[in-house]
1. Residue check, Phe163 against (1) under 19 Å from the mean Cα position of the chain (by Cα); (2) within 30 Å of Glu17 (Cβ to Cβ); (3) in a helix (DSSP H, G or I); (4) among the hydrophobic types (A, V, I, L, M, F, W, C), all met but one. Which one?
2. With respect to Ala154, determine if the residue is open to solvent by less than 60 Å² (accessible area, probe 1.4 Å), closer than 26 Å to Leu11 by Cβ and in a loop (DSSP other than H, G, I, E, B).
3. Of a type outside the set (Ser, Thr, Tyr), open to solvent by less than 10 Å² (accessible area, probe 1.4 Å) and either over 17 Å from Ile223 (Cα atoms) or not in a loop (DSSP other than H, G, I, E, B) (or both), is that true of Ala188?
4. What number goes with the only condition from (1) surrounded by fewer than 16 Cβ atoms within 10 Å (Cβ to Cβ); (2) farther than 23 Å from His157 by Cβ that Lys98 does not pass?
5. When the residues of the range 53-64 are filtered to those that are under 24 Å from Ala83 (Cα atoms) and outside any strand (DSSP E or B), which remaining residue is most open to solvent (accessible area, probe 1.4 Å)?
6. Does Ala13 satisfy the criteria of being within 15 Å of Tyr93 (Cβ to Cβ), under 18 Å from the mean Cα position of the chain (by Cα) and of a type in the set (Gly, Ala, Ser)?
7. Name the single residue that is surrounded by the fewest Cβ atoms within 10 Å (Cβ to Cβ) among those in the range 12-39 being aliphatic (A, V, I, L, M) and farther than 19 Å from Ser102 by Cβ.
8. Out of everything in the range 40-52 that is among the polar types (S, T, N, Q) and part of a loop (DSSP other than H, G, I, E, B), what residue ends up being least open to solvent (accessible area, probe 1.4 Å)?
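The values are calculated or read from the model by the stated rules, or taken from the named source; none is laboratory data. This structure is a prediction, so every number in the text was calculated from the model and none was measured. All Cβ positions, even for glycine, are placed from backbone atoms using ideal geometry, and neighbour counts span all protein chains on display. Surface accessibility is based on the protein's heavy atoms, side chains included, excluding ligands, DNA and RNA. Shrake-Rupley method; radii C 1.70, N 1.55, O 1.52, S 1.80 Å.
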Amino acid sequence: MINNQKIVVVLPAYNAEKTLEKTFNEIPFDIVDEVILVDDHSTDRTTDFARKLGIKNILRHKQNKGYGANQKSCYNAALELNADIVIMLHPDYQYTPKLIHSMAFLIANDVYKVVLGSRILGNGALNGGMPLYKYVANRWLTLFQNILMNQKLAEYHTGYRAFSKSILQKINFDKNSDDFIFDNQLLAQICMMNYEIAEITCPTKYFEEASSINFSRSVKYGIGVIEVSIRYFLHRNFKVKSLIFLND
């Protein structure tokens, strides 16, 4: 805990048996109270490895539901455990757990409600092996989103995120997609509610075992990002209602 606030790390997992132990062993349990792993019906032994590591809170989907659906399960489970701060960490060891301290303290001290670990601040992305086409797409999409959403984020596409409980309770994230675009929709919802988002520099690692969507899925995701940004712009400026921005 920090300032009597319960910290829960959620691990949205899919075929993570080769990297789960490295990730888990770097989680700072001096402040982290609970770990939740949601296995999106992996075809490897992710769940078995999680049990061997001593993770107590394990959920396994009966079928593969998608990355967004995995996060929904993660956040709902964290709220059921009465988490005050929820940190999403990918168990593929692409993001270092060593930043959990910094992210958690910003929220625990009520400086920000949301903190992102950004690969784009500094030179972490390219130095860590991010493919050039993904880097260029990331920069272009982020520019497009910042213009339409009137924000100044370095990137919207990181999977390393920390939230206060109040954010997850106020936003109906269950309305969002079960696919990868969930990430983008959630940030758009947070911006729509006028919360300021903090970013810290995050080194990243790209290697064979690290999760990464292929080119065709990346294109689909990019189109989805553009759609979310346009819907945000129309909802905020022209009252063209979009379901994900309605909390009733």
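1. (3) is the only condition that Phe163 fails.
2. Numbers: open to solvent by less than 60 Å² (accessible area, probe 1.4 Å): yes; closer than 26 Å to Leu11 by Cβ: yes; in a loop (DSSP other than H, G, I, E, B): yes.
Answer is yes for this residue.
3. Working: of a type outside the set (Ser, Thr, Tyr): yes; open to solvent by less than 10 Å² (accessible area, probe 1.4 Å): yes; either over 17 Å from Ile223 (Cα atoms) or not in a loop (DSSP other than H, G, I, E, B) (or both): yes.
Yes.
4. All conditions are met except number (2).
5. So the first thing to find is which residues in the range 53-64 are under 24 Å from Ala83 (Cα atoms), and the list is 53-61.
So of that shortlist, the ones also outside any strand (DSSP E or B) come out as 53-56, 61.
Numbers: Leu53: 43, Gly54: 46, Ile55: 12, Lys56: 181, His61: 16 Å².
Per the stated criteria, the residue is Lys56.
6. When the stated conditions are applied, Ala13 passes them.
7. The initial filter retains those residues of the range 12-39 that are aliphatic (A, V, I, L, M), namely 13, 16, 20, 27, 31-32, 35-38.
Among the residues that remain, those that are also farther than 19 Å from Ser102 by Cβ are: 13, 16, 20, 36-38.
Numbers: Ala13: 29, Ala16: 29, Leu20: 26, Ile36: 24, Leu37: 27, Val38: 27.
Restricting to residues being aliphatic (A, V, I, L, M) and farther than 19 Å from Ser102 by Cβ, the top hit is Ile36.
8. From the range 40-52, those among the polar types (S, T, N, Q) are 42-43, 46-47; that's our starting set.
Of the ones still in play, those that are also part of a loop (DSSP other than H, G, I, E, B) are 42-43.
Numbers: Ser42: 7, Thr43: 117 Å².
By that ranking, first place goes to Ser42.
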